[in-house]
1. List, in order, the whole-Hz ³J(HN,Hα) value for each residue of the stretch 79-91 obtained from phi through the Karplus relation with A = 6.51, B = -1.76, C = 1.60 and θ = phi - 60°; use x for Gly and Pro.
2. I99's amide H: which non-local residues (gap 5+, or another chain) put their own amide H closer than 5 Å, with H modeled 1.01 Å from N in plane and none for Pro or chain starts?
3. Over all alpha-carbon pairs of the stretch 197-241, lay out the pair-distance distribution in 10 Å bins, whole %, shortest bin first.
4. With each label point set 7 Å from Cα along the Cα-Cβ vector, what nm distance links K177 and K74?
5. Mind putting together the pair-distance distribution for the stretch 169-234? All Cα pairs, 5 Å bins, whole percent per bin, short to long.
6. How big is the stretch 35-121 along each principal axis, measuring the range of its Cα positions in Å and listing the largest first?
7. When Rg is the radius of gyration of the Cα atoms in the stretch 128-178 and Rh is its Kirkwood radius, what does Rg/Rh come to?
8. Calculate the length of the line joining the C-alpha centroid of the stretch 218-247 to that of the stretch 146-204, in whole Å.
Amino acid sequence: MKKISILLTALFFTAFAFAQADSASAEKAYKILESTDDTLAYHGDYSATISLVIEKPNKPKENLQYKIFQRTDKKLMTMVQLFPEADKGNGYLMDDENIWSYDPVSRKFTHTTIKEALGDSDIKIDDVDNSDTRWRDNYTVEAYEEGTLGKFPVHIITLNAKTTEPAYSKVKYYIRKDLPLTLKEEDFSGSGRLMRTVLIPKYTKVPAGYVPTQILIRDELNKGENTQEVISDLTFDALPDKIFTKAYLEGLN
């Protein structure tokens, strides 16, 4: 039975891998996704505060807060937890494909992946990865189409993960046609089940571009579980190299 199960799984993923758009549609989709990166303000170095409000049925709201530092052109990121006080100093360090989580109590680093969630939220580490090459590196384009979302004409792009890096096997993006900003994201499992819906109702214009300052994440498996993400305190000044080191996280405590 186990061999049959493994065979069926292999056949499914083989079929899944060949569900791809034609080369012209795929190239158009990649360019639209890359244009969303160009429109956002995340170029080079930046820092921000990420505040999360987590809602779960029959539980009080939970608040988390992180400080993020990123150098997008070199795929470097450091993230430090600010709140709650009991978890202050927990951190993450990303250097290209390597990601470590840091526990300030044990003072130990553990190798992890971008699939890990931030605290008890629905936010994954790869949600805050703004590296320039992530689309072509990690996804194939399954489909491109046009439609509407609310009052906005949109591009609808469906991607399949081709590496183990993305948190979800399949992702569908709804991107404004007049201004390349993502309005909605749907994340699916390998079996095609909707796992998570992400809505971005608010962007703020800053000199360097646009910033999604309010993001709503709905857990589709556990009804009533939602995470709201608010981004504030944005700066785009050059960051010192030492911020992107293990020694920096160790020195905070």
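The values are calculated or read from the model by the stated rules, or taken from the named source; none is laboratory data. Small disclaimer: the values here were computed from a predicted structure and weren't measured. Every residue, glycine as well, gets a Cβ built from its backbone with ideal geometry; the counts of neighbours run over all protein chains shown. Note: areas computed on protein heavy atoms with side chains; ligands, DNA, RNA excluded. Shrake-Rupley method; radii C 1.70, N 1.55, O 1.52, S 1.80 Å.
1. Couplings: 9, 10, 7, 9, 8, x, 4, 4, 10, 4, x, 4, x Hz.
2. Under 5 Å from the amide H of I99: T112.
3. With 10 Å bins starting at 0, P(r) equals 23, 38, 25, 12, 1.
4. Label at K177, label at K74, 4.2 nm between them.
5. Answer for the stretch 169-234: a P(r) of 4, 16, 22, 21, 18, 11, 6, 2, 0 percent.
6. Between the extreme Cα coordinates on each principal axis of the stretch 35-121 lie 41, 31, 20 Å.
7. 1.02
8. First find each Cα centre; the distance between them is then 19 Å.
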